[in-house]
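Chemist: Can you read through this structure? Questions will come right after.
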Amino acid sequence: MELAYYSDYAVRLVNSEEPARGKDSLTSVEAVRDLFAGNQQAARRATDADLTRFRSVRARLRAVFEAADKGEETLAVDLLNSLLLEFPVSPQISGHDVRDEDGRPLWHMHLADHPSNATAGYTAIAAMGLAFHLTEYGVDRLGLCEAAPCRNAYLDTSTNRSRRYCSDRCATRANVAAYRARKRLEAERPGRSDGSIGLAAETAQHTSASGER
């Protein structure tokens, strides 16, 4: 498993809140545990105390995405470095009992955390994963959805750095809105709406020509 995979931890946590919509799904210990996805052993460590800690980390991770989205590269790196220093991990080689066709372990790098609580463990993995993604693909690959009022975080893995939305749903909604806006502009242009503007212009031209005779 590539270490950049762990960057999904950061995205999941950041997107548990939608500030522009006033929505926050991080309201219970169960919601915290759901963020761990398949890592049930780590999820079981979560307690009521982690709820407040997770929200604090979420704000710091969103700040990283916001800085990257604004093109403030150094600030994004500095914010992420502060998390890496506060929440360290230990990279280890792991096979996870997965074997190739010859029966040999499929060795890969794994992030082993030694946390004092669930928040520390989650943050360590999320920050390290995001750091690997940033250094591998660039700061501009960290974005916030342009489909207002969404602003969910996303990781751009497109070949031409063209991603602007967090999901196909937001992309479709934005494209429909842009199409309707173009249609409204076209309808408001002279001679394009109901012909009245064009008729008025023609009448004025005829009146002017009559006055010149």
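The values are calculated or read from the model by the stated rules, or taken from the named source; none is laboratory data. For clarity, every value in this text was computed on a predicted model and none was experimentally measured. For neighbour counting, all protein chains shown are included, and Cβ atoms are generated from backbone atoms with ideal geometry for every residue, glycine included. Quick note on the areas: whole protein, heavy atoms, side chains included, nothing else; ligands and nucleic acids left out. Shrake-Rupley method; radii C 1.70, N 1.55, O 1.52, S 1.80 Å.
Chemist: Can you tell me which residue in region 25-40 is nearest to S7 (Cα to Cα), limited to those that are without any contact (Cβ under 8 Å) to a residue 12 or more places away in the chain and not in a loop (DSSP other than H, G, I, E, B)?
Modeler: It comes out as D34.
Chemist: Now for a separate question. What pairs come out if I take residues in region 117-128 that are over 21 Å from L155 (Cα atoms) and pair them with residues that are of a type in the set (D, E, K, R) and in a loop (DSSP other than H, G, I, E, B) whose C-beta lies under 9 Å away, six or more apart or interchain?
Modeler: Close Cβ pairs satisfying both conditions: N117/R45; A118/R44; A118/R45; A120/D113; G121/R45; G121/D113.
Chemist: So which residues in region 41-77 are under 28 Å from R141 (Cβ atoms), open to solvent by less than 70 Å² (accessible area, probe 1.4 Å), without any contact (Cβ under 8 Å) to a residue 60 or more places away in the chain and among the aliphatic types (A, V, I, L, M)?
Modeler: Passing the criteria: A59, A63, A67.
Chemist: Same structure again: Just a yes or no: is a residue in region 75-85 within 20 Å of E146 (Cα to Cα) and under 22 Å from the mean Cα position of the chain (by Cα)?
Modeler: Yes; the residues of region 75-85 include at least one that is within 20 Å of E146 (Cα to Cα) and under 22 Å from the mean Cα position of the chain (by Cα).
Chemist: Can S56 be described as at pLDDT below 80 and polar (S, T, N, Q)? Outline the logic, then answer.
Modeler: On the way: at pLDDT below 80: no; polar (S, T, N, Q): yes.
It is false that S56 is at pLDDT below 80 and polar (S, T, N, Q).
Chemist: Take the residues in region 10-24 that are modelled with pLDDT of 95 or more and open to solvent by less than 70 Å² (accessible area, probe 1.4 Å); name whichever of them is nearest to A63 (Cα to Cα).
Modeler: Filtering region 10-24 for residues that are modelled with pLDDT of 95 or more and open to solvent by less than 70 Å² (accessible area, probe 1.4 Å), the one nearest to A63 (Cα to Cα) comes out as V14.
Chemist: Name the pairs whose Cβ atoms lie under 9 Å apart, with the first residue in region 157-183 and open to solvent by 100 Å² or more (accessible area, probe 1.4 Å), the second in a loop (DSSP other than H, G, I, E, B) and among the acidic types (D, E), and 6 or more positions between them or separate chains?
Modeler: Partner pairs satisfying both residue conditions: R164/E146; R164/D156.
Chemist: Name every residue in region 79-107 that is open to solvent by 90 Å² or more (accessible area, probe 1.4 Å) and not in a loop (DSSP other than H, G, I, E, B), in order of residue number.
Modeler: The answer is L85, E86, I93, R99.
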